[in-house]
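These notes are about the structure you will find just below.
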Amino acid sequence: MPRRKLEEVVDGIYMEPVPITVGDEVRLKYKGKLATAGVDSIYLRAGYGFEAWQDVQDIKMRKGRDGSWSASLVVNDPTRLNFCFHDGADHWDNNAGRNWSFEVHNGETVD
């Protein structure tokens, strides 16, 4: 199956698939403020849940020829995917402290 095109979900952040279902491999592309700051590395910090994040992980992103950074992860929790970005030197892009959050669907259809 061919890959779908990344959708810009907010300024400088692209993602696919949208919406997210448990088990999906989510691809993220980042062109935000850290990408334009000339940093040497960017990490995707991701976790799950509605309040305190669970299963938090830092995923090193790959730099693209166009200056963007990309990473992917398999969503394994049916609650909410939360994420932000950092450069490993305590510089963050976290949506002014709100981070980014997307509901995760369980894959069931409603009749």
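The values are calculated or read from the model by the stated rules, or taken from the named source; none is laboratory data. The structure presented is a predicted model; accordingly, all values stated were derived computationally and were not measured. Cβ: placed from backbone, ideal geometry, glycine included. Neighbour counts: every protein chain shown.
Overview of values
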{"quantity": "Per-region count, region 40-56, residues assigned to a loop (DSSP other than H, G, I, E, B), modelled with pLDDT of 95 or more and among the aliphatic types (A, V, I, L, M)", "calculated": "1"}
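To keep it simple, each residue is scored yes or no on (1) free of Cβ contacts under 8 Å to residues at least 60 places away in the same chain; (2) within 10 Å of the chain's Cα centre (by Cα); (3) surrounded by fewer than 16 Cβ atoms within 10 Å (Cβ to Cβ).
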residue	(1), (2), (3)
Lys31	yes, no, no
Thr36	yes, no, yes
Ala46	yes, yes, no
Ala52	yes, no, yes
Asp55	yes, no, yes
Arg65	yes, no, yes
Phe83	yes, yes, no
Gly97	yes, no, yes
